[in-house]
Structures are given as structure tokens and as C-alpha cells.
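Visitor: Input: one structure, supplied below.
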Amino acid sequence: MQGYFITLEGPDGSGKSTIMKLLGEYFQQKGIDFIMTREPGGTPIGEEIRNIILDYMNTDMSPETEALLYAASRGQHVHEKIIPALREGKVVLCDRFILSSLAYQGVGRGLGIEEVKRINDFALRGIYPDLILFFHVDPEVSLSRKTEKFGGDRLEREGSEFHSRVYDGYMELLEIYPEKIERIDATKSIEEVLKQSIDKIEQLLNLRRG
Ligand code: TYD
């Protein structure tokens, strides 16, 4: 694949969506062809699945159903949007991807990292990020940033125990895949977090350009 696939990961309220917008401006200024997208969602079908997953009225959803819905949304996303953009040589900037499923469903819901990886492998057709930026911030801090503002969706309404399991999941994943994940210190100012992110992205772009 010719393009570059970059995903942004981290706990709820880690500030990655703000940085994502700023990275979009950065690519624009540099004249780099890119698309911005997000999960769950990113396609019309995916957005419909997103509404089902995040609807706080869906209190009876089983962990397995939840994991399969995220994977289904991802499968459509890869097929309809990510592969075509990468084939055109674009940078694909995606807010959350497989690492979220491994942390939230694999560890947060207790389904197991390997089990969740297996259903995602089926959906992904060999497409993995070239770079994963992990926005590292304490889960208590990040969650209070979010729920202070509004009631929160189904996942955000989960208790702090769930979110601290997700955090532990991310920590475990950083240990399992150290070469694939770049840790960004998201407790710093927006300018500094942006700079750290751009440094990692430039390393990737320069590496391939040789
Ligand atoms: P969103 O509003 O996009 O959250 P954020 O702004 O924090 O990225 O909602 C996505 C929610 O879904 C978020 O709580 C994380 C969760 N999630 C999973 O549990 N598994 C996944 O595979 C993905 C992509 C997201």
C-alpha cells in the first residue's frame, strides 16, 4: 500500500480529537494529501453501527455483541474508505482503531486480547496502522474532562473501574507491541502534545521516503 495509515489512541478524554484537528491543519499546510476519519463510524453503515453501540439506552448489550459491532464497523471502514485512500497514496488519520477494541473489549470487558484480535483479523484483511500514537493520560483526569461537559454515551457512562481496566489494557498493549505504538505524553500543553505527535509522524514519512 502506498499511503500511510496513522491511528490515534488513548482513554476517553485524552485530548486526541483536538490534536487530530490540528494534525489535519498541519497536513493541509504541508500540502500532504490526507483524509481524517474515526471509529466507530467513518462510513454511512459504520455511523449507523456507531449509533447502536453508543446509545446509552442499549444497557443490555453483551460484551460479545459489542466487540462484534465494533469489528463490523471497522470491516466496513477498511473496505470502503481506508484501503481506497491508502491505494491513492494518501495519509489516513483515524481517531481510534483496533487498539481501542483490544483495550476496551479485550481488557475492559474481559473478553481477552487474543479473542478480540481474532475477530478483528477477520474484519481487517491485513490492514494495520503504520503508526499508532497513544495519548497517555491518567484515566481519572481524562474521564473527568469528558463527563463534566455532558452526560456521556454508553461507554463513557461506565464506572471508573471499567475505565481503569481499559487504562491497564492500554499499558499491557504498550508492553506487548512496543515497536508498533508511540507514547505521547498527553498531560502536556496542546502545543507540546502536537509537537510530539508531528515528530513521530515526520519520522515515519521520512523513513519511507528514505
Ligand atoms: P467517541 O465519542 O468517539 O470517544 P472518543 O472521543 O473518546 O474517541 O466514542 C467512542 C467510544 O467507543 C469510546 O468510549 C471508546 C469506545 N471504543 C471501544 O470500546 N472499542 C473500539 O473498538 C472503539 C473504536 C471505540
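Visitor: Going by the structure shown, is Asp95 of a type in the set (Asp, Glu), at pLDDT 95 or above and near the ligand (Cβ under 9 Å from one of its atoms)?
Guide: Yes, satisfied.
Visitor: Now for a separate question. Which one is surrounded by the fewest Cβ atoms within 10 Å (Cβ to Cβ) among residues in region 1-31 that are at pLDDT 95 or above and of a type in the set (A, V, I, L, M, F, W, C)?
Guide: Among those residues, the one meeting the criterion is Leu22.
Visitor: Tell me yes or no: at least one residue of region 99-109 is touching a helix residue (DSSP H, G or I) at 6+ places or on another chain (Cβ under 8 Å), in contact (Cβ under 8 Å) with a residue 60 or more places away in the chain and surrounded by fewer than 20 Cβ atoms within 10 Å (Cβ to Cβ).
Guide: Scanning region 99-109 turns up no residue that is touching a helix residue (DSSP H, G or I) at 6+ places or on another chain (Cβ under 8 Å), in contact (Cβ under 8 Å) with a residue 60 or more places away in the chain and surrounded by fewer than 20 Cβ atoms within 10 Å (Cβ to Cβ).
Visitor: Any residue in region 54-79 that's in contact (Cβ under 8 Å) with a residue 24 or more places away in the chain and outside any helix (DSSP H, G or I): show its pairings with residues that are near the ligand (Cβ under 10 Å from one of its atoms) and not aromatic (Phe, Trp, Tyr) at Cβ separation under 7 Å, as long as the two are six or more apart or on different chains.
Guide: Asp55/Arg154; Tyr56/Asp153; Tyr56/Arg154; Tyr56/Arg157; Asn58/Arg154
Visitor: Given the conditions (1) of a type in the set (A, V, I, L, M); (2) more than 12 Å from the ligand (Cβ to nearest atom); (3) within 30 Å of Pro84 (Cβ to Cβ), report the number of the one that Val141 does not fulfil.
Guide: All conditions pass for Val141, except number (3).
Visitor: Just need a number here: residues in region 98-138 that are hydroxyl-bearing (Ser, Thr, Tyr) and more than 10 Å from the ligand (Cβ to nearest atom).
Guide: Number satisfying all stated conditions: 1.
Visitor: What about Phe34, is it closer than 21 Å to Val166 by Cβ and either buried (at least 22 other Cβ atoms within 10 Å of the Cβ) or in contact (Cβ under 8 Å) with a residue 24 or more places away in the chain (or both)?
Guide: For Phe34, the condition - closer than 21 Å to Val166 by Cβ and either buried (at least 22 other Cβ atoms within 10 Å of the Cβ) or in contact (Cβ under 8 Å) with a residue 24 or more places away in the chain (or both) - is not met.
The values are calculated or read from the model by the stated rules, or taken from the named source; none is laboratory data. Note that the structure is predicted; figures quoted are calculated from it, not measured. Counting neighbours? That spans all protein chains shown, and the Cβs are built from the backbone with ideal geometry, glycine included.
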